[in-house]
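Report on one structure; see the data block that follows.
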Amino acid sequence: MPDPTLTRHPILRTDVWHTRIEDYAALNGALLDEIRSHQQQEPTPLDLSFPNCWRGVRKYAADAPLVERINAAAFSILSDYRAEEADAREALVADSFVTDVFYWTNINGKNALNELHNHAHAGDLAGVYYVQGTETGAIVFKSEQWSDNEHAAHIPFTAPFVFEPHDGDLILFPSYLKHEVRPNPSARERINLAFNVTVIRKGSGPAGLTRVRREDFA
Ligand SMILES: [Fe+2]
């Protein structure tokens, strides 16, 4: 603990959240069947795919338990942060808000990687669910304070966080947090659903739902 006469006023802290889905084998088996037929039907990957990566967008029939889990996790994470902030902004409560998940599928073959990027303009939280993750290479998170290892190790919030995924792992993180995916070192394909989660206010907007922006909490 630091000197107790020093008062801490936190301004920087970023977290990556992780859980492993119970009974992920059954979920992944069902998802994998749909993913394989998706890939067969649309063999050409979407734009922005890196070499040896296939990417497609389709909603899978087997996604219900996963989407439900993502929504529950995202809502609890975001409402907890909101409650921690000591100001008068409206609490993120289930009576007024819901979260919405948009996901896409990535299949990365041997040596496939993804360069450093973030999802800041696409959602509030971002995340990944691993249908096949074990031994397929790490995802690495780098804070804005990370600076290509130019900072000395004792400077706070500058160290990358390296996460080695396992099948059934679900991770969530703030959409502004930069991350990269290391080359897949194995012959086993890395198969995941990447997603963005957006907070939506209930009962507003033409469809009854509106993305919540900073000014909504003014
Ligand atoms: Fe990403």
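Structure values in brief
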read-out	value
Residue match in segment 141-163 (condition: among the small types (Gly, Ala, Ser), surrounded by 13 or more Cβ atoms within 10 Å (Cβ to Cβ) and in contact with a Pro (Cβ under 7 Å, 6 or more places away or on another chain))	no
Where a residue in segment 128-146 is in contact (Cβ under 8 Å) with a residue 60 or more places away in the chain and its partner, wherever it lies, is buried (at least 22 other Cβ atoms within 10 Å of the Cβ) and part of a loop (DSSP other than H, G, I, E, B), with Cβ under 6 Å and at least six apart	TYR130/PRO165
From VAL140, VAL131, VAL199, residue being within 15 Å of the ligand (Cβ to nearest atom), of a type in the set (Val, Ile, Thr) and in contact with an Asp or Glu (Cβ under 9 Å, 6 or more places away or on another chain)	VAL140
Segment 93-128: number of residues that are small (Gly, Ala, Ser), within 15 Å of the ligand (Cβ to nearest atom) and outside any strand (DSSP E or B)	4
Residue in segment 66-87 that is of a type in the set (Phe, Trp, Tyr), surrounded by 16 or more Cβ atoms within 10 Å (Cβ to Cβ) and in contact with a Ser or Thr (Cβ under 7 Å, 6 or more places away or on another chain) present	yes
Boolean, VAL212 is of a type in the set (Val, Ile, Thr) and modelled with pLDDT under 90	yes
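The values are calculated or read from the model by the stated rules, or taken from the named source; none is laboratory data. The shown structure was predicted, so the numbers you read here are calculated from the model rather than taken from an experiment. Virtual Cβ from ideal backbone geometry, glycine too; neighbours counted across all protein chains shown.
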